[in-house]
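For reference, the structure discussed in these notes is given below.
The values are calculated or read from the model by the stated rules, or taken from the named source; none is laboratory data. These numbers come from a predicted model, not from an experiment. With ideal geometry, Cβ positions are generated from the backbone for all residues, glycine too; neighbour counts draw on all protein chains shown.
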Amino acid sequence: MRVIGIDPGTLCCGYGIIETRTQNSELVYVASGEIRMKNTEALPERLKILYGSLKNVIDEYKPAHLCIEKIFYHKSIHSAFALGTARGIVMLLAAQNDIPVFECNLTELKMALTGYGRAEKRQVKEMVIRILNLKVANCKSQVASHRQQVTCSKLTEDASDALALCICHINSGQWKQDTGCRIQDAG
């Protein structure tokens, strides 16, 4: 099973893709990255870039599930609305590709990965690197074979957050039970 995690934003959107191998449910890094948009561009233009870029990622990697972070609080109403539009783009792409969408609570995600619900982004990133056995360097993304250390391109905090969403989704087993954090069936 291949899962894409998306940490949406209107200036930077992180994505990460992990798959499991059926023999031992091993988590295998596939790809990660971020989509950057210029704050000098109007919001509709940034959303167009976000849509096109994420569509290319989904078309290339063909994930079976999509994970996204739940939103429960934001400092600015303007930022919350902008983030909501980015989430709408993500959910639209999932629906167009018949990919079920799952939400994950950020505090629970941090607790599952680090043991502390208020962990910092760098702590989440460190755990993602350990769990996926990544060697971060300036190299191309590749799929790993059995527990081989994988070299991935520079891992940003947004991309590591997206990978963390995938890890928690797969490890939760909720997708098997069709309960819990599922918010909708695409389509």
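Those strands (runs of 3 or more DSSP E) of the stretch 38-153 in which at least 2 residues are within 22 Å of LEU27 (Cα to Cα) and at pLDDT 90 or above, considering only elements entirely within it, cover 65-69, 101-104.
With the requirement that a residue be out of contact with any helix residue (DSSP H, G or I) (no Cβ under 9 Å at 6 or more places or on another chain) and outside any strand (DSSP E or B), what does the stretch 24-37 give you? Scanning the stretch 24-37 gives a single hit, ASN24.
Give the stretch 1-16 a look and list any residue that's farther than 11 Å from GLU69 by Cα and of a type in the set (D, E, K, R), or say none. Passing the criteria: only ARG2. Find the residue count for the stretch 17-70, including only residues that are more than 18 Å from ASN171 (Cα to Cα), surrounded by 14 or more Cβ atoms within 10 Å (Cβ to Cβ) and either in contact with a strand residue (DSSP E or B) (Cβ under 9 Å, 6 or more places away or on another chain) or among the hydroxyl-bearing types (Ser, Thr, Tyr) (or both). Qualifying residue count for the region: 15.
I'd like to check something: does the stretch 17-26 contain any residue that is closer than 17 Å to ALA95 by Cα and among the basic types (Lys, Arg)? The answer is no; no qualifying residue exists.
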